[in-house]
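Q: This structure is in structure tokens; I'll ask about it shortly.
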Amino acid sequence: MSDQFDAAAAQPGPKRDRYGRYLLPDPDGGKEQPWTRATTFAKTLADTFALTQWGERMVAKGIGLRGDLYALACSAGVDDKETLNKVTQQAKDAAASAAGANLGTALHSFTEALDRGEQPVVPDPWRADVEAYRKEMSASGLIAVPTLIERIVVVPQYKVAGCFDRILQTTQAQINARRHLVGDLKTAKRVDYSWTEIAIQLALYAHGAAIWNALTQRYEPMPAVDQDKAIVMHLPVGQGRCHLYQVDIAAGWEAAALAAQVRAWRQRKNLAVPHGTDPLAGLKRQHTVNDLATRIGNATTVEDLTAIWAEASAAGAWNETLTAAARSRKHKLLATAG
């Protein structure tokens, strides 16, 4: 397990598949497999209207600044996805939409170094930001655990993995006990449109089963953390201010279960068939009770069970026997995860 002597050691980046998902083994053993990213899972219930509009404005501004991108867009056919995607991304970069992300990444690095006990050399334009962070954290009594900064955690129940920013530690004199909380640094100008996905994201981290060590290629124990609340450190780039927010991750965990159901429902393949055919005929042939019972017994997550239930129910093949089998399998999975 990592200790204070290698806390600052740079961990190699995790392996990913072509969709950007982490490729990691299961903590209980087994081959390497893809894990949905926590940030992706958390966006399942997000309202992205404002973000989409912002992105469209950046594309319009970027094309206005770059005549070559305008010409390239005009020359491409409407089905030329590769070219038009390239134009879209470069237009956003031209409109400096990437600048905020780059500066946010830099602030993450500066504050990480600070929390590891280092003294980072911060350029003047962002020195006030880092100092505001240091003062606010000091005043709050919250201290980052040096060995638990930017670590990958897995949540087998939902086949989710993500990288938390911090595990924070605080001392409550009145109960004379040390507590740990998940901490997350946000550097965007505003966070008020993002609390739903933030609550889900941090709830997933708090319910992590194990921490992946990319140096040793092994899992480490996840420390006991508060599963009712977490902390967001809001440090907007270039504003020289930092505010801490307490996030209700108990509610976030409830929303995670809803997100899992939504993602399972989206796997349905029988929502439309040619008119005049039996929409359930093919599914009924494929879903005998024995086949479904076997799939239930092989399910590795509660999300898998939900997907089987949604698919079989749509086919009219679900019954009380399968309910009992799924309930039993769910209890076994939760017991193993615990």
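All of the numbers you see were taken from the coordinates with simple rules; none came from a lab. As the structure is a computational prediction, the values presented were derived from the model and not from experiment. Ideal geometry is used to build each Cβ from the backbone, glycine not excepted, and the neighbour counts take in all protein chains shown.
Q: Over the chain, with a Gaussian network built from C-alpha contacts below 10 Å, which listed residue (Q227, Q239, Q157) shows the highest mean-square fluctuation?
A: Q239
Q: While we're here: Placing +1 on the Cβ of each Lys and Arg and -1 on the Cβ of each Asp and Glu in the chain, which of T147, L215, T300 has its Cα farthest towards the positive end of the resulting dipole?
A: T300
Q: At a Förster distance of 41 Å, what's the computed FRET efficiency of T48 paired with A128, Cβ-Cβ distance as r, to 0.05?
A: On the way: r = 32 Å, r/R0 = 0.77.
FRET efficiency, T48 to A128: 0.85.
Q: Hey, quick one: spin label on R57, modelled 7 Å out along Cα-Cβ, who in the stretch 183-199 has an amide N within reach, i.e. under 17 Å?
A: Within reach of a label on R57, which here means backbone N under 17 Å from a point 7 Å along Cα→Cβ, the stretch 183-199 contributes 188-194.
Q: So which of K43/K81; K31/K189; K86/K189 end up more than 29 Å apart, counting from Cα to Cα?
A: Working: K43/K81 24 Å; K31/K189 41 Å; K86/K189 26 Å.
Violating the 29 Å Cα-Cα cut-off are K31/K189.
Q: Multiply the residue gap between Q246 and R179 by 0.36 nm, knock off their C-alpha separation, and tell me the result in nm, one decimal place.
A: Details: separation 67, 0.36 × 67 = 24.12 nm, distance 1.46 nm.
Additional length available on full extension: 22.7 nm.
Q: Return the distance in nm (one decimal) between the two label points of a simple spin-label model at T170 and T294, each offset 7 Å from Cα along Cα→Cβ.
A: 5.3 nm
Q: May I ask you to order 129-137, 327-335 by the average number of other C-beta atoms within 10 Å around their residues, highest value first? Don't skip to the end; give the middle numbers.
A: Details: 129-137: 18.1, 327-335: 13.4.
Taking the mean over residues of other Cβ atoms within 10 Å, the ranking is 129-137, 327-335.
Q: Report the charge-dipole magnitude of the chain in Debye, nearest 20, computed about the Cα centre from +1 at each Lys and Arg Cβ and -1 at each Asp and Glu Cβ. Could the numbers behind the result be given before it?
A: Values: 39 positive and 36 negative charges, 105 e Å.
Dipole magnitude for the chain comes out near 500 debye.
Q: Give the Rg (one decimal place) followed by the Dmax (whole number) of the chain, computed from C-alpha coordinates and expressed in Å.
A: For the chain, the Cα radius of gyration and maximum Cα-Cα distance read 23.4, 72 Å.
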